[in-house]
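The values are calculated or read from the model by the stated rules, or taken from the named source; none is laboratory data. Remember, predicted model here, so these are calculated numbers, not experimental data. In this analysis, Cβ positions are derived from the backbone assuming ideal geometry, glycine residues included, and neighbour counts consider all displayed protein chains. Quick note on the areas: whole protein, heavy atoms, side chains included, nothing else; ligands and nucleic acids left out. Shrake-Rupley method; radii C 1.70, N 1.55, O 1.52, S 1.80 Å.
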Amino acid sequence: MAIRDLSGADRGVRLRAPTLLRFLARQLDARPFFVIATVISLAFLFAAIFAPWVAPYAPNFQDPDALMAPPSAAHWCGTDSFGQDLLSRVIFGTRYVFLIGFSSVVIGAAGGLAIGLAAGLTHGAVEWGLMRFVDAILALPSLIMAIAFISILGPGIDKVIYAVGFAMIGPFARTVRADVLQVRAQAFVEAAGLMGVDRLRIIWRHILPNVVFPLAVQATIRIAEAILVSSALSFLGLGVVPPAPDWGLMISEGRAFISIVPWISGVPGAALALLLISLSIVGDGVREQFDPKLRANR
Amino acid sequence: MSDAAPIFRLLDVEKVYQIDRGGWSRLGRRPPRQLAALDGIRLTVRAGDSVALVGESGSGKSTLLRVLLGLTESSDGRALYRGDDIETLTDDKRRSFQRDVAMIYQDARASLNPRLKALDLIGEPIRQHALCRESELRDRVAALLARVGMPADTADRYPGQLSGGQVRRVAIARALASEPKVIVADEAVSGLDVSTQAQLLNLLRGLQHEMGLTLMFITHDLAVASYLCRRIAVMYLGRIVETGPTKEVLRHPLHPYTRALLNASPRFFEPIAETLPGEIPSPIDLPPGCRFAGRCPRAAQDCRTHEPPLATTHTKREVACLHPLID
Amino acid sequence: MMTQQSARQTNVLPLTRHRDPLLSFADISLARNGHSVLDRVSFDLGRGETLGLVGESGAGKSTIALVAMGLLRSPAVTLEGRMQFAEHGNLLAEPEAGWATLRGRRIAMIFQDPASALNPCFTVGRQLGDPLRRLLGFDQAATRRRSIELLESAGLNDAEARLAAFPHELSGGMQQRVMIAIALACNPELLLADEPTSALDVTIQAQIMQLILSQVRARNASCIFVLHDLALASQVCDRIVVLYAGQVVESGPAESVLRRSLHPYTNALKSCVIELDTETLTPPEGGLPAIGAMPAGCRFAPRCSRATALCASQTPPLRALEGRDIACWHPG
Ligand SMILES: Nc1ncnc2c1ncn2[C@@H]1O[C@H](COP(=O)(O)OP(=O)(O)OP(=O)(O)O)[C@@H](O)[C@H]1O
Ligand SMILES: Nc1ncnc2c1ncn2[C@@H]1O[C@H](COP(=O)(O)OP(=O)(O)O)[C@@H](O)[C@H]1O
Ligand code: SF4
Ligand code: SF4
Ligand SMILES: [Mg+2]
Ligand SMILES: [Mg+2]
């Protein structure tokens with residue numbers, strides 16, 4: 001039989017098989033900011049992956065002839081107090097940024113999923129206990145939480161990942177639980193129960209897929225936050241240890257010279273700001289694309 | 001059919017919802033109000049029978065179904081499935097209940113997981129009850145789809161890619177997948193195109209005849225009730241006010257409410273009939289007497305003091321009215 | 001009936017037309033993003049007449065109502081043809097400013113789902129008073145007086161108290177009564193009602209339909225109903241337009257179109273109608289063709305039992321036959 005309402009139908013099809021480029025081309029018209037932000041974020045990602053080929057110098061190569069040199073043909077973004085090329089350090093720094101951002105969000109999302117799912121599916125004391133645990137994480141801003149953690153675990157990039165990831169469990173768990181409660185009340189879950197589908201299977205096939213998807217969208221939005229917190233940790237000297245080319249660390253190192261050689265802090269600072277803004281716009285765009293309510297209003 | 005084994009029995013079922021007034025009343029100054037969604041429901045559905053449940057929205061039809069299926073706990077009375085309390089079925093009985101009884105929801109789209117393809121949706125009860133080998137699943141789903149008039153390639157589509165009528169068909173195919181003996185449907189054809197509705201009604205009727213299905217069908221369309229169901233139960237404000245063989249009830253309604261419903265259905269080229277005044281009230285803190293008295297053209301003094309029970313008339317029909325239309 | 005057969009020439013053949021229609025659609029075509037949704041739709045509506053648009057879901061009924069309301073004027077929509085309304089020769093060519101003087105004032109609309117058509121944030125009084133103040137320039141006291149009058153005539157008891165109510169405090173039927181009061185606030189000449197009762201119970205449907213009819217008749221206004229229930233359409237409409245896949249297939253007085261229908265599709269629709277004494281239903285197979293895949297000749301041909309080779313290759317023109325317009329090669 002013929003399909004009545006094609007408008008809904010082929011929207012569904014297109015959603016499922018998007019080649020990124022075609023998707024971007026279609027979006028450029030409608031949402032230029034989203035496309036620009038996506039391109040910038042991808043450029044950073046590219047820089048992180050291909051840093052040794054893209055960067056003009058090694059991250060820790062010290063040029064004794066160019067200490068605190070202003071931007072020039074040899075050093076496009078200038079050098080720092082050790083004569084290290086800022087552009088190269090920023091490029092290598094993207095590796096830390098993405099490593100920490102992605103890993104900690106994965107930890108946060110996984111932990112949040114487990115706790116949120118458990119809290120959403122249980123009643124009574126178990127649920128109460130889990131939610132108070134989540135409240136405890138949420139009570140402190142993620143930065144303070146991470147600082148507390150680092151002070152226990154000690155500095156180092158892996159510790160930063162654990163600390164930031166743990167601090168993110170709270171907000172993820174909250175949204176997952178809300179989603180679980182909402183999905184659980186849907187008729188299709190009840191219908192499966194009526195057919196005798198057992199509980200684990202209902203969770204696995206019916207609840208989980210409907211929760212994981214919004215969680216993934218949420219995760220893209222939270223990457224920016226994770227990066228910001230990890231940079232703040234490094235800035236405070238609690239995160240990545242020198243001489244690693246971490247952006248937070250670089251901003252902190254340049255702080256002493258901020259009035260005479262502003263580019264030492266300025267270059268990594270600008271890179272951080274640019275990446276965070278871009279990631280936020282991308283995250284919002286992704287959410288808008290997949291949230292049927294927002295999409296309907298466009 | 002009156003001697004076949006009863007599948008469902010509702011024995012004086014009551015369902016009262018406590019309505020929280022919210023805000024300050026939580027502090028306990030006033031007790032929560034009682035909403036009587038079902039009040040003294042007695043109903044038997046026998047094997048091979050087809051029962052239509054009709055009434056305005058808010059009369060308690062969906063609640064009755066939910067109690068019947070054990071999805072909502074009744075406040076009082078008993079809901080029996082093949083003689084056993086639905087809430088406390090033994091594992092064996094529960095398994096047979098899950099396989100033999102299938103439900104078609106009022107909102108078919110909401111009853112299908114949007115992230116599963118039709119193949120998995122229809123295949124779910126088949127897998128659950130291990131009705132065939134995994135390798136045969138696709139053929140079996142295709143056969144079910146064909147039965148509801150859909151091409152086999154529908155199996156690879158998600159509910160979001162199907163129109164309203166098609167989603168209903170998939171929901172019906174899914175209900176049929178476990179080879180049920182009883183189908184319970186809540187407004188399964190309302191809100192559809194006349195052509196789609198007619199196609200689905202014929203489908204359901206065909207299944208009824210071929211497979212000897214027992215059917216419990218909620219509808220607000222009396223013509224649909226008479227097309228599909230041998231028996232009818234008319235509900236008003238949580239009570240069954242009239243029940244009997246569909247054709248007889250619709251030809252000679254005994255309850256003024258049944259007649260009002262009949263008059264309100266549109267008929268070709270007849271002027272719009274004199275309408276029933278007012279709207280169905282909320283079943284909160286009901287006054288004594290007949291619930292229909294406020295809108296009933298025949299209401300007399302005694303109607304406001306005496307609540308009429310569902311009683312058998314001399315014509316072997318059951319009606320809850322002090323002044324039924326026997327003339 | 002006020003129709004008469006005149007020999008006025010449109011694109012192909014003479015059509016049954018009105019001498020002095022209030023609203024006249026002449027060969028109106030509409031495409032959304034390049035996809036044809038309406039194809040050369042023509043019909044007339046006289047003053048004081050009620051007209052019913054019927055057809056399966058997706059046929060274009062609501063689209064016609066939106067065109068008549070001037071609500072489909074966006075770059076994604078291409079509109080051709082002529083829409084004559086009262087003294088306006090072609091409203092489709094009218095700029096937005098011209099529409100603004102008509103919409104809500106002389107042409108008003110009632111929607112299918114009153115719950116979403118009413119603004120949940122404002123009281124009934126505010127939403128009803130708004131057109132009175134804005135379009136008719138009523139002052140505070142006059143607005144209130146008139147609002148109460150309107151609600152009372154829409155059959156809401158306790159009208160004064162209802163003014164302060166929010167939409168969610170009313171039942172679906174009462175919300176639709178409020179919608180009707182709002183639509184009739186400025187005494188429009190043309191009322192468009194898109195499935196005004198399909199969200200309601202049959203009992204309330206009868207009440208609401210009677211209300212709309214009595215209000216419209218009292219004002220000698222015309223009304224277009226979008227309906228999917230043919231029996232209901234026969235009860236409330238003077239004229240019927242049957243649509244299939246964006247085309248008018250049969251239109252004319254309700255008596256001829258519904259009682260003595262000649263188009264196979266109208267007959268097919270009638271065979272889907274279920275009544276109390278219906279023993280068998282014989283609905284046509286399948287559904288509307290997909291938007292991108294319209295059949296070449298008659299769009300109904302794939303489902304039509306009378307279809308011939310001619311039907312599959314050539315589009316039947318809309319022509320006058322036995323007091324109605326019909327588009328079919330083999331009517332009867
Ligand atoms: N906003 C839109 N964008 C694209 N296509 C649309 C839009 N609205 C309607 N259509 C298409 O236009 C055609 C006519 O739609 P319309 O809403 O007029 O149908 P209808 O006859 O009122 O149907 P129903 O009985 O379901 O209300 C359909 O094919 C529909 O898919
Ligand atoms: N979960 C609930 N909580 C409170 N009231 C309810 C609930 N479900 C139904 N009701 C009330 O019970 C009455 C009957 O509802 P329902 O069974 O849905 O009627 P129908 O299906 O006939 O439209 C209505 O007044 C409704 O508001
Ligand atoms: S008991 Fe009285 S009020 Fe109730 S339905 Fe019968 S006549 Fe009407
Ligand atoms: S033109 Fe041919 S196919 Fe179309 S409705 Fe008439 S007979 Fe049927
Ligand atoms: Mg219901
Ligand atoms: Mg419509």
TODO: First check a/c for region C:212-281, with a ≥ b ≥ c the square roots of the eigenvalues of its C-alpha gyration tensor; if it is under 1.5, answer rounded, and if not, answer prolate when a/b is larger than b/c or oblate otherwise.
DONE: oblate
TODO: Using protein chains only (no ligands, no nucleic acids) and a 1.4 Å probe, work out which residues of region B:135-181 have their accessible area cut by at least 10 Å² relative to the chain alone.
DONE: B:Gly149, B:Pro151, B:Arg157, B:Tyr158, B:Gly160, B:Gln161, B:Ser163, B:Gln166, B:Arg169, B:Arg174
- [ ] Name the shape class, rounded, prolate or oblate, that the alpha-carbon gyration tensor gives for region B:38-92, where a ≥ b ≥ c are the square roots of its eigenvalues, rounded holds for a/c under 1.5, and otherwise prolate holds if a/b is larger than b/c and oblate otherwise.
- [x] oblate
Task: Surface/4 of the Cα convex hull for the protein assembly as shown, nm² - done: 49.6
Task: region C:280-327, Rg to Rh (Cα coordinates; Rh as Kirkwood inverse mean 1/r) - done: 1.02
Open item on the list: Checking an interface number: how much accessible area is buried between B and C, summed over both chains, with a 1.4 Å probe, in Å² rounded to 100?
Closed with: 3400
Open item on the list: Apply the Karplus curve 6.51 cos²θ - 1.76 cosθ + 1.60, θ = phi - 60°, to the phi angles in region A:155-166 and return the couplings in whole Hz, x for Gly and Pro.
Closed with: x, x, 5, 5, 5, 4, 4, 4, 5, 5, x, 4
- [ ] Using R₀ = 56 Å, calculate the FRET efficiency as 1/(1 + (r/R₀)^6) where r is the Cβ-Cβ separation of A:Ala148 and B:Asp120; round to 0.05.
- [x] 0.75
Task: Which listed pairs, of B:Lys247/C:Lys270; B:Lys61/B:Lys316; B:Lys61/B:Lys93; B:Lys181/C:Lys270; B:Lys61/C:Lys61; B:Lys181/B:Lys316, have C-alpha distances above 30 Å, in listed order - done: B:Lys181/C:Lys270; B:Lys61/C:Lys61
Task: Spatial extent of region B:6-319: Rg and Dmax, with the Cα atoms as the point set, Å - done: 21.0, 69
Task: Rh (Kirkwood; distinct C-alpha pairs) - region A:124-164, Å - done: 11.2
- [ ] Would you look at the GNM of chain A, springs on alpha carbons closer than 10 Å, and say which of A:Pro268, A:Pro64, A:Pro242 moves the most?
- [x] A:Pro64
- [ ] Tell me what chain C gives for mean residue ellipticity at 222 nm when only DSSP H runs of n ≥ 4 count, each as -39,500 (n - 2.57), the sum divided by the residue total, rounded to 500 deg cm²/dmol.
- [x] -8500 deg cm²/dmol
TODO: Calculate, for region B:6-319, the solvent-accessible area per residue in square angstrom, rolling a 1.4 angstrom probe over the heavy atoms of the protein chains.
DONE: 41
Task: Rg to Rh, two decimals, where chain C supplies the alpha carbon set and Rh follows Kirkwood - done: 0.98
Open item on the list: Compute a Gaussian network model of chain A, connecting alpha carbons closer than 10 Å, and tell me which residue from A:Asp158, A:Asp65, A:Asp85 fluctuates the most.
Closed with: A:Asp65
- [ ] Search the structure for amide H atoms under 5 Å from the amide H of B:Glu307, placed 1.01 Å from N in the peptide plane, and list their residues when 5 or more places away or on another chain.
- [x] B:Gly289
TODO: Determine one quarter of the surface area of the Cα convex hull of region A:154-258, which equals its mean projected area, and express it in nm² to one decimal.
DONE: 8.4
Open item on the list: Calculate the FRET efficiency for C:Arg260 and C:Ser198 from the Cβ-Cβ distance with a Förster distance of 25 Å, rounded to the nearest 0.05.
Closed with: 0.40
Task: Helical mean residue ellipticity (222 nm; -39500 (n - 2.57) per DSSP H run of 4+; nearest 500) of chain B - done: -8500 deg cm²/dmol
Open item on the list: Could you compute how much accessible area chains A and B hide from each other, both sides summed, with a 1.4 Å probe? Nearest 100 Å² is fine.
Closed with: 2500
Open item on the list: Between helix C:172-184 and chain C, what is the angle of the helix's C-alpha long axis to the longest principal axis, kept within 0 to 90° and rounded to the nearest 10?
Closed with: 90
Task: Residue among A:Ala146, A:Ala110, A:Ala273 with the largest mean-square fluctuation in a Gaussian network model of chain A, springs linking Cα atoms under 10 Å - done: A:Ala273
Open item on the list: Suppose R0 equals 30 Å. What FRET efficiency, 1/(1 + (r/R0)^6) with r the Cβ-Cβ distance, do B:Ala143 and B:Asp100 give to the nearest 0.05?
Closed with: 0.90
- [ ] Quick one: compute a quarter of the convex hull surface over the Cα atoms of region B:42-172 and quote it in nm².
- [x] 9.7
Task: Carbon/sulfur fraction of accessible area - region B:183-327, other protein chains in place, 1.4 Å, % - done: 53
- [ ] Just need the relative contact order of chain C here, percent rounded to a whole number, with Cα pairs under 8 Å and 6+ apart.
- [x] 22
Open item on the list: Given points 7 Å out from each Cα along the Cα-Cβ axis, report the B:His209 to C:Ala93 separation in nanometres with one decimal.
Closed with: 5.9
- [ ] Just check chain A against the gyration tensor rule for me: Cα atoms, a ≥ b ≥ c as the square roots of the eigenvalues, rounded for a/c under 1.5, and otherwise prolate or oblate depending on whether a/b exceeds b/c.
- [x] oblate
Open item on the list: Taking amide H atoms as placed 1.01 Å from N in the peptide plane, list the residues 5 or more away in sequence, or in a different chain, whose amide H sits under 5 Å from that of C:Leu192.
Closed with: C:Ala108, C:Met109, C:Ile110, C:Ile224
